Structure formats: C-alpha cells, structure tokens
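Visitor: To start, I am sharing the structure in question, which I have written as structure tokens.
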Amino acid sequence: MTPVPPGPTPAGSEVAGPPVADPGLGEVPSAAASLFGDRLPVALAYAELLASAGVERGLLGPREVPRLWSRHLLNCAVLADELPVDARVLDVGSGAGLPGLVLAIRRPDLHVTLLEPMQRRVAFLDEAVTSLRLGGTVSVVRGRAEDGTVRRSLGRQQWVVARAVAPLERLASWCLPLLAEDGRLLALKGATAAEEAGSATGAIERIGGVVVGSRVVAPLDSVDPTWVVEVRRGGLRPGARGGRRGR
C-alpha cells in the first residue's frame, strides 16, 4: 500500500502558500490548509468525492456543496484536537464519513472504525477508504450501535464519536454500551448543545453515564464553531438497555 502522507499540522499553525482552488467546490478556505497541513491533498480528494458521488447517491444534499468546507469538513476536522495520539475511535452512524473519515485524514495516527447500518452508505465508505488510501488505519463495519453482535465485536472502545445522529439521551443509550469503563463519547451538536446536555443529564446518569460537559471547539477564527458534548461511561447499570433503533 502507498505510504500515508506525512502527519497533520496542529490547529492554529500556519501553512505557507495560497489556498488551492478546486473547480467544483470553489476556493478552498485558508483554514483548510492550516488544519490539514500536508494532508490537504487527501482532504481535497475527499471533498471532491462528497461533492460528486456523495450528492449523486443522496448522501449529501446538492445545496450543501457550496458550504462543504465550512459546515462539514472543517467542522469535523477541529474535533481531532480532542483525541490523544494513536487513539482508537469508533464513528457511530458515520453516513458519508463525517466525522470519522475527516479525523482519519487529518490524523493518520488514529485508528478509525466507521459504523453505518445502510448498505448504500457502507458501499460509499468502502470506496472512499480505498480511493483515499486509508485502508491501513480505517475500517468500515455495517451494523447498528445497539445490535448485540456489534456490541460484542466493537465494545470496550475508549473513544466514540457521532455527528447528527440522534438526540443526546438516545445517542448515549446506544453508545455507552460500546465504551470501556471511563471511555468517552464526543457528540458533535449544534448551538443548543449546552441545553441538550443539561436536559439529558439525569437520563444519562441512570444508564451509567456522566455528562462531562459541553464546549465550543473553534481554534481558528475562520472556522465555524463546533459544539461538542462529552459523556463518560461509568458502570453501566444491570438491566440498562438502549433505544429500539440506532445507528
């Protein structure tokens, strides 16, 4: 396999040279070069894949293409700063690979598993992993987070991430059983993240979780804010069960 390009540039670092222009997506924001560093060509290839095959297959709405960088790619890329070196990360309800593929692109030291129940999305993810040459660090699994087989094969994770999957209370009920003791769920949420975290705290505690808190992650002025809610797994109480249907 072709070696993975060199590692990422830490958020906030400057990269020389103007942003690369892509005919389909317009000008790439300077923040992309700063965040992805030497990995920018891989990020560009993924952006092109989302704007073409992703739209054609219904994984991304055509109206999202003009804001693909600001609303999706950079929004996910800043989450990489929350993860330790060489972390193993499970992306629940990965969809088109957000945030899992973005994390793997920016941080080649991470080992990322993309969990997705829909076959057409799984096919896209498999193709993306192959075309972006990420097979050494990224795997794709078809399944739902609450399925027993998934919990047995993918359980005891230290890090689980999810974006635009479900309300926090339900998401936690799916993800806590996948975490090891003291493992963390990082949920990317909208501007009402703190409100949602507050209202879900009691229910999450009843199933063995602890809402660590919510915070804004936006290391660069030109990157739209990313709200993250962090949930830690304590001891999952006997008889605690997740929702009926998950990602």
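The values are calculated or read from the model by the stated rules, or taken from the named source; none is laboratory data. Here the structure is a predicted model, which means the values were calculated and not measured. Every residue, glycine among them, receives a Cβ derived from its backbone with ideal geometry; neighbour counts consider all protein chains shown.
Visitor: In the stretch 97-109, how many residues are hydrophobic (A, V, I, L, M, F, W, C) and either in contact with a Cys (Cβ under 6 Å, 6 or more places away or on another chain) or surrounded by fewer than 22 Cβ atoms within 10 Å (Cβ to Cβ) (or both)?
Guide: Of the residues in the stretch 97-109, 2 are hydrophobic (A, V, I, L, M, F, W, C) and either in contact with a Cys (Cβ under 6 Å, 6 or more places away or on another chain) or surrounded by fewer than 22 Cβ atoms within 10 Å (Cβ to Cβ) (or both).
Visitor: Over 18 Å from the mean Cα position of the chain (by Cα) and at pLDDT 85 or above: is that true of residue 96 in this structure?
Guide: Judged against the criteria, residue 96 is not a match.
Visitor: Same structure again: Going by what's in this entry, would residue 146 be described as in contact (Cβ under 8 Å) with a residue 12 or more places away in the chain and either closer than 16 Å to residue 89 by Cβ or crowded, with 17+ Cβ neighbours inside 10 Å (or both)?
Guide: Taking the combined requirement at face value, the residue satisfies it.
Visitor: Taking the condition in contact with a strand residue (DSSP E or B) (Cβ under 9 Å, 6 or more places away or on another chain), among the hydrophobic types (A, V, I, L, M, F, W, C) and either modelled with pLDDT under 95 or farther than 16 Å from residue 108 by Cβ (or both), does residue 74 pass?
Guide: yes
Visitor: If you don't mind, another one. For the stretch 77-93, how many residues are over 29 Å from residue 146 (Cβ atoms) and modelled with pLDDT under 95?
Guide: Of the residues in the stretch 77-93, 1 are over 29 Å from residue 146 (Cβ atoms) and modelled with pLDDT under 95.
Visitor: Now, a different point. Scan the stretch 109-123 and tell me whether some residue there is touching a His at 6+ places or on another chain (Cβ under 8 Å) and in contact (Cβ under 8 Å) with a residue 24 or more places away in the chain.
Guide: Checking the stretch 109-123: not a single residue is touching a His at 6+ places or on another chain (Cβ under 8 Å) and in contact (Cβ under 8 Å) with a residue 24 or more places away in the chain.
Visitor: Which pairs turn up if I take residues in the stretch 203-216 that are modelled with pLDDT of 95 or more and part of a strand (DSSP E or B) and look for partners that are surrounded by fewer than 19 Cβ atoms within 10 Å (Cβ to Cβ) and of a type in the set (Ser, Thr, Tyr) with beta carbon separation below 7 Å, at least 6 apart in sequence or on another chain?
Guide: Listed by first residue and then by second, the contacts come to 211/201.
Visitor: Pairs only if they're at least six apart or on different chains, beta carbon under 8 angstrom, first in the stretch 185-199 and surrounded by 14 or more Cβ atoms within 10 Å (Cβ to Cβ), second at pLDDT below 90 and not in a helix (DSSP H, G or I); list them, first residue then second.
Guide: Filtered contacts from the stretch 185-199: 188/164; 188/226.
A quick yes/no check of all residues on (1) at pLDDT 85 or above; (2) surrounded by 18 or more Cβ atoms within 10 Å (Cβ to Cβ):
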| position | (1), (2) |
| --- | --- |
| 1 | no, no |
| 9 | no, yes |
| 20 | no, no |
| 24 | no, no |
| 34 | yes, yes |
| 50 | yes, yes |
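Visitor: Still on this structure, please answer the following. Given the structure, is residue 179 modelled with pLDDT of 95 or more, of a type in the set (A, V, I, L, M, F, W, C), surrounded by fewer than 21 Cβ atoms within 10 Å (Cβ to Cβ) and within 17 Å of the chain's Cα centre (by Cα)?
Guide: No, not satisfied.
Visitor: Suppose we keep only residues that are in contact with a helix residue (DSSP H, G or I) (Cβ under 6 Å, 6 or more places away or on another chain) and under 14 Å from residue 228 (Cα atoms) within the stretch 163-176. Which one would you say is surrounded by the most Cβ atoms within 10 Å (Cβ to Cβ)?
Guide: In this case the residue turns out to be 172.
Visitor: Separate question: Kindly indicate whether residue 87 is surrounded by fewer than 24 Cβ atoms within 10 Å (Cβ to Cβ) and under 15 Å from the mean Cα position of the chain (by Cα).
Guide: yes
Visitor: Is there a residue in the stretch 115-127 that is touching a strand residue (DSSP E or B) at 6+ places or on another chain (Cβ under 6 Å), closer than 21 Å to residue 183 by Cβ and crowded, with 16+ Cβ neighbours inside 10 Å?
Guide: Among the residues of the stretch 115-127, at least one is touching a strand residue (DSSP E or B) at 6+ places or on another chain (Cβ under 6 Å), closer than 21 Å to residue 183 by Cβ and crowded, with 16+ Cβ neighbours inside 10 Å, which makes the answer yes.
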